[in-house]
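The values are calculated or read from the model by the stated rules, or taken from the named source; none is laboratory data. In this text, all values refer to a predicted model and were calculated from it rather than measured experimentally. With ideal geometry, Cβ positions are generated from the backbone for all residues, glycine too; neighbour counts draw on all protein chains shown.
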Amino acid sequence: MKKIIALLSMVGVMAYVLAEPQIATLRGTTDLDQEGQAPRMAAEVNDDKRTDRDYPMAAPSIPHKIDGYQIDLNANKCLSCHNRQRVEESQATMVSVTHFMNRDGNFLADVSPNRYFCTQCHTSQIDVPALIENEFITMDELLNRAGSSH
Amino acid sequence: MWSRIKDMLLQGWQLLAKPSVHFSLGFLTLGGFIAGVIFWGGFNTALEAANTEEFCISCHEMRENVYVELQETIHWSNRSGVRATCSDCHVPHEWTYKIARKMQASKEVWGKIFGTIDTREKFLDKRRELAEHEWARLKKNDSLECRNCHQFESMDFTRQSERASEQHSSALANGEKTCIDCHKGIAHHLPDMSGVPGWE
């Protein structure tokens, strides 16, 4: 009896695997031993238009090109426009005041070292269709749903 | 000692001042002309040879530091296939300025002989100073080498991003700023920028 159950479950698993030829969505139907064709590189969005933020603490995306921007111990290209002392001339958005706060909650004169590497949170965008469906639910949507259920 | 040098100089002058005894006027004129052509041609050929990328990167100081960094940038490879190599940005095109720059650059030979930046560490220590020389040079000549290709008169602002066209049509147009004021570090990595105006 046990053997029959084991056999049946194996057949079941195999049938499931065979019916699902697409193991990885991003890979597509390219065979495992073949290299798929890479999609064309898309241009960075460079329209300087601010985008929506889905929750208040969301890091805003960068609405302009940043290729070749140097961010290291020597220099930070982003801060050469977005730093406190630079915004008058550049008329760029100043980095959020939270970035001047160190981990103990004290405000510093300059951007705190733990917020120095901009691209850890902020990224420029490319205008391409989403690779997979995005199931993210925004905070507003969540509030709406909560409101309507009452 | 001094009288001997004086005698030699006097002898030399007398030799030059006398008319030629053995050679005809025609030979001297034509010979002088041909020698001049050869010398001038040779000089310019040597000058051009010293302006090639191959010459620049024949020193490991250039090949392993700044040359590698250039290769990541748009001045190295881009959609239209126009490449700016070392001399395009670092040597003026016009003869007088070119000679002046070449004479300045003879100090690099000194540096090469005495190994001023012959290790990566020495180069990094000196990077700020070297960069400052170039910034100062480009500031002084109103970014001449940039403008050899990027002419303000040929700029189509409608083809630029909004931000770029705003800056170029104001600060650059009225001469308040020159290219290098904003476009530092476009072809090589930046040194420690603390204290540099615009980077504080």
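Here are the numbers for this structure:
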item: Which numbered condition residue A:58 fails, given (1) more than 12 Å from chain B (Cβ to nearest Cβ); (2) exposed (fewer than 12 other Cβ atoms within 10 Å of the Cβ); result: (2)
item: Test: residue in segment B:142-158 that is touching a Ser or Thr at 6+ places or on another chain (Cβ under 7 Å), of a type outside the set (A, V, I, L, M), at positive phi and modelled with pLDDT of 90 or more; result: yes
item: Qualifying residue in segment B:150-168 (condition: within 14 Å of another protein chain (Cβ to nearest Cβ) and either touching a Pro at 6+ places or on another chain (Cβ under 9 Å) or not in a helix (DSSP H, G or I) (or both)); result: yes
item: Which numbered condition residue B:127 misses (of (1) facing another protein chain (nearest Cβ under 10 Å); (2) in contact with a His (Cβ under 7 Å, 6 or more places away or on another chain)); result: (2)
item: Qualifying residues in segment A:63-94 (those that are of a type outside the set (Asp, Glu) and farther than 23 Å from residue B:171 by Cβ) - the one surrounded by the fewest Cβ atoms within 10 Å (Cβ to Cβ); result: A:73
item: Among (1) within 10 Å of chain A (Cβ to nearest Cβ); (2) surrounded by 15 or more Cβ atoms within 10 Å (Cβ to Cβ), the one test that residue B:194 misses; result: (2)
item: Members of segment B:126-145 that are acidic (Asp, Glu) and more than 13 Å from the chain's Cα centre (by Cα); result: B:129, B:132, B:142
item: Conditions (1) part of a loop (DSSP other than H, G, I, E, B); (2) at pLDDT 70 or above; number of the one not met by residue A:9; result: (1)
item: Residue B:64 within 14 Å of chain A (Cβ to nearest Cβ) and assigned to a helix (DSSP H, G or I); result: no
item: Contacts under 7 angstrom Cβ, first residue in segment A:65-87 being more than 9 Å from every other protein chain (Cβ to nearest Cβ), partner in a loop (DSSP other than H, G, I, E, B) and β-branched (Val, Ile, Thr), 6 or more apart; result: A:82/A:93; A:82/A:95
item: Residue match in segment B:139-154 (condition: in contact with a Gly (Cβ under 9 Å, 6 or more places away or on another chain) and under 25 Å from residue B:191 (Cα atoms)); result: yes
item: Filtered residues of segment B:172-190 (kept if facing another protein chain (nearest Cβ under 9 Å) and more than 19 Å from residue B:130 (Cβ to Cβ)); result: B:182
item: Residues located in segment A:79-117, provided they are in a helix (DSSP H, G or I) and among the aliphatic types (A, V, I, L, M); result: A:79, A:87, A:97
